[in-house]
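Visitor: Okay, here's the structure, questions in a sec.
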Amino acid sequence: MKKLVLTMGKVAAGVIVASIMAHAASAQNVVKCDFRGFKKLGPSGPAIVSGVAGTMTPIALNSVQIIDKNIAKKILPQGVFARRTDTGTIEVMARLINCTDYPQEVLVRTSFMDIDQFPAEPETAWQRVFLQPRSTAVYREMSISMDIGYYLIEVDEGE
Amino acid sequence: MTLTRVTNFRVTQVACATFLTGMLAACGPAVDNSPGVATISQDPGRQGAVAGVGIESNDIQSMTDRMMRDMLGNPMLANAANPPQVIIDSEFFLNDSTQRINKDLITNRLRVNLNRASQGRMVFVGRNYSNMVQHERNLKRDGVVDTGTTGMTAAQAGGDYRLGGTIASADSRDARTGMMQRYTQITFEMVDLERGVIVWSGMYELSKAAADDVVYR
């Protein structure tokens, strides 16, 4: 009787372990961020350049700009997308990743410019975005004017 | 006996004089002339120097900006063949929260920015100015003043849609630490004034916790 109980116990334990292993195999690994590629990434399009060469770093447009050093190694922009809405305005979206083991909070805003890089409208209000550890969060914003040529998304540390 | 009385009287006199001198001296140079805190100009779009758990300037800017952009992305409101006539004021924008707040701060910013941004895609009816308009209409029709340059209409403009909404909150407090927490939910809805259907909705939520004793007025 004792042997039977032991055998049944072993079988049950084996089933549970196998189940956990199968689950672990199907789950994705924890997100790891490699900032080297992002840092090497140069301007992707027309950029604002100082009149005196070498006095400032060019800011790539149609991109995400991290403006605070404190979060430069914590928050990684994974993707930036733009599309036209039904009313002709532009909707931009940035997917951000929290590369730390702690919850993060950032403020994000967008500047929409016309084809000549002049401001098409006042920059948007700062929107607060919360990011859970090792997870993504999406920031979305829409323009109010229709003739948008470029945009710039800025990410600052949340107060 | 008499000598002792005189001595005691003099001692009392000296003590009183010393006390009064000391009091006067204390009133003089001991005034606190520290400069205090100088005025700080702040960006209303960012959290200010005095912040609590309620709705603040940066929240108002953020929520109205988001609602305005969302409305302009709605084809029913911003892409209609005939620009809809909308009313945006605080008449049906209710404050059911625990915070005292001037609702006009929200609705005025929303209306002004939406009016500037829509560029004719929406027409805004100033219902709060209806008495002023009616007074002028009466003067024109009584012949007291001329008809102006833009012509006369049969009646004032009616609204196709009107803003409604609610500010609601849920408060909690930790009695041990004194920490306060408030979840605030602000809903915005555009209601069809003929059929009563809601053609657009937006929501803004914020949750804040603090132990500072900030009072909202």
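Visitor: Choose one of A:VAL80, A:TYR102, A:PHE118: the residue whose Cα lies farthest towards the positive end of the charge dipole of the stretch A:35-157 (beta-carbon charges +1 Lys, Arg; -1 Asp, Glu; about the Cα centre).
Guide: Towards the positive end, the residue furthest out is A:TYR102.
Visitor: Please list the three semi-axes, largest first and in whole Å, of the ellipsoid equivalent to the stretch A:35-157, using sqrt of 5 times the eigenvalues of its alpha carbon gyration tensor.
Guide: Values: eigenvalues 113, 78, 27 Å².
Square roots of five times the eigenvalues give 24, 20, 12 Å.
Visitor: Would you mind checking which residues have amide H under 5 Å from A:VAL155's amide H? H placed 1.01 Å from N; only 5 or more apart, or other chain.
Guide: Placed amide hydrogens put A:GLN65, A:ILE66, A:ILE67 under 5 Å from A:VAL155.
Visitor: How big is the stretch B:75-217 in terms of Cα radius of gyration and Dmax, in angstroms?
Guide: 20.3, 72
Visitor: Return the long-range amide H neighbours of A:GLY149 (sequence gap of 5 or more, or a different chain), with a cut-off of under 5 Å between placed amide H atoms.
Guide: HN-HN under 5 Å from A:GLY149: A:MET113, A:ASP114, A:ILE115.
Visitor: May I pose another question? When the label point is put 7 Å from the Cα of A:PHE130 along its Cα-to-beta-carbon vector, which residues of the stretch A:57-98 have a backbone N closer than 17 Å?
Guide: Hits in the stretch A:57-98 for A:PHE130 at 17 Å: A:96-98.
Visitor: Related question: How big a patch of accessible area, both sides summed and in Å² to the nearest 100, lies buried between B and A at a 1.4 Å probe? All intermediate terms of the calculation are to be shown ahead of the outcome.
Guide: Values: alone 14720 and 10830 Å², together 23980 Å².
Roughly 1600 Å² of accessible surface disappears when B and A pair.
Visitor: Any idea how far the Cα center of the stretch A:65-133 sits from the one of the stretch B:196-217, in Å?
Guide: 23 Å
Visitor: Measuring from a point 7 Å past the Cα of B:ALA168 along Cα-to-C-beta, which residues in the stretch B:91-113 have an amide N at less than 13 Å?
Guide: B:94-98
The values are calculated or read from the model by the stated rules, or taken from the named source; none is laboratory data. These figures come from a predicted structure and were not determined experimentally. Positions of Cβ are backbone-derived with ideal geometry, glycine not excepted, and every protein chain shown enters the neighbour counts. These accessible areas exclude ligands, DNA and RNA; they are computed on the full protein's heavy atoms, side chains included. Shrake-Rupley method; radii C 1.70, N 1.55, O 1.52, S 1.80 Å.
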